[in-house]
Amino acid sequence: MAQSTDARGAAVALLNAVLEEGRLLAQITAGEGPLAGLSPADRARAQRLAADTLRRIEPADRVLAPFLRKAPPLAVRNILRLAVVEIAGGAAPHGVVNAAVSLARAGRKTQHLAGLVNAVLRQVPQAPLPGPAQRLPRWLRQPLVHLWGREVVGSIEAVQAQTPPVDLTLRPGFAAPEGEVLPTGSLRLADPGQVSALPGYDAGGWWVQDAAAALAVPLLGDLRGLRVLDLCAAPGGKTLQLAAAGAEVVALDISAPRLQRLHENLARCGLAAEVVTADALVWQPATPFDAIVLDAPCSATGTVRRHPDLPFVKDGSDLAGLIALQAQLLDRALGWLKPGGRLVYCTCSLLPEEGEAQLAAALQRHPGLRVVAPAQPGISPDWVTKDGGLRLRPDYWADRGGMDGFFMACVQKG
């Protein structure tokens, strides 16, 4: 019980940091912070509990509302929310309530409300959380409703309320875990447990990469012997795909800490790439490239299913700057491409300003550019846009757990 209580306490601390301080989970967990001193299993459990609660805050609050005359302080609300989500998920109510009361008693600002926590949680029904699913923030939901309609956005929100599966990109000839092979070739694991303990991990037979993200590199076609730039490369899934496909890869990113993970995965998989830490707005290659992948910085609105903290931290205020940066990077990258070379532009965004509109504007700025329509197996014709790009949404494959939202397009230089 002590370890579980520690994990729960860390989960509440993570929730407080996101909801009170406006910090992303990735920022909080990059250092020790609330996870300091926890075992690896409890660290993972704390992060899972916090993420599950963030996915279900609105439904949890609906369960709590009849038992609260007024909203308690945020730290107490987060203890209650976590407990409600656990109970709704099938955890034994007695243990959950006792742990929640212990957490309240342990906090200087919450100890006087331990009795309230106990009284409220003993009335909470042991039942699934009521619908509808947690809604996206207004700044994001409204344009998506205008774009696709309320039914589609509701389906996206339903997928984002679920704990996402883990997707692997496989290397032929290596051992792989048991799972569902998706139509596009990725392997999906519903409940993988400790990833590093799975078959094929130590041999470098696969890496974790959402099935949607894995579709970008194959748009380039046969890469054997080609010199390819992976621009904005960290954390490196596309670099690994390029290297495994036989390309001579240069992987560039502005963040040395984020590139460390790429170095580790290259070593684990026995793959090679030239890794460069630099700002793409000032860096210049010595010679042009045969192909380029530009996974541009974006709002990350397509990754809410994996990063449920994003809607609570972001407000869309950085969107104009991101759109300008994407266009800048796209123009620079096209200047580094050989005649006849191909470039894949992609963003993990649901917003057309960062995808379809960027492609249309680039085609206008660069008259010799043409779109190469996607042709790989498993791609539904419904995913292909009128300009030949690929629009991926979280509600695609909803019965399988969905996918990240992406826009990607392959263009060829005249």
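Worth a mention:
- By definition, a body whose alpha carbon gyration tensor gives a ≥ b ≥ c is prolate when a/c is 1.5 or more and a/b is larger than b/c, and region 82-168 fits this prolate description.
- Gyration tensor (alpha-carbon) shape descriptor, region 230-347, a/c threshold 1.5: oblate
- Shape call, region 167-412: gyration tensor on alpha carbons, a/c limit 1.5: rounded
- Qualifying GluC sites (Glu not before Pro) for region 117-209 [loop in DSSP, other Cβ within 10 Å: at most 15]: E178
- Computed on the chain, with alpha-carbon pairs under 8 angstrom and 6+ residues apart, the relative contact order is 14 percent.
- Within the chain, helix-based [θ] at 222 nm, where runs of 4 or more DSSP H residues each add -39,500 (n - 2.57), nearest 500: -12000 deg cm²/dmol
- Virtual spin-label span in nm between V313 and A203, 7 Å along Cα→Cβ: 3.7
- In a fully extended conformation the segment linking T163 and T277 would gain 37.7 nm over its present Cα-Cα distance, using 0.36 nm per residue.
- Backbone N within region 54-88 under 16 Å of label point (7 Å from D191 Cα along the Cβ vector): 86-88
- Highest-first packing order for the peptide set 36-48, 397-409, 206-218 is 206-218, 397-409, 36-48, based on the mean count of other beta carbon atoms within 10 Å.
- Residues R188, R305, R150, ranked from the fewest to the most other C-beta atoms within 10 Å, line up as R150, R188, R305.
- Candidate aspartates and glutamates - alpha carbon under 14 Å from K338, same-chain residues fewer than 8 apart omitted: D290
- Full extension of the chain segment joining R48 with Q284 gains 80.8 nm, where the gain is 0.36 nm per residue of separation less the Cα-Cα distance.
- Added length on full extension, which subtracts the Cα-Cα distance from 0.36 nm per residue, Q27 to H366: 118.2 nm
- Ordering T287, T277, T239 from the fewest to the most neighbouring beta carbons within 10 Å gives T287, T277, T239.
- Note that the chain carries a Kirkwood radius of 22.8 Å, evaluated over its alpha carbons pair by pair.
FYI, it's all coordinate maths here, none of it is from the lab. For clarity, every value in this text was computed on a predicted model and none was experimentally measured. All Cβ positions, even for glycine, are placed from backbone atoms using ideal geometry, and neighbour counts span all protein chains on display.
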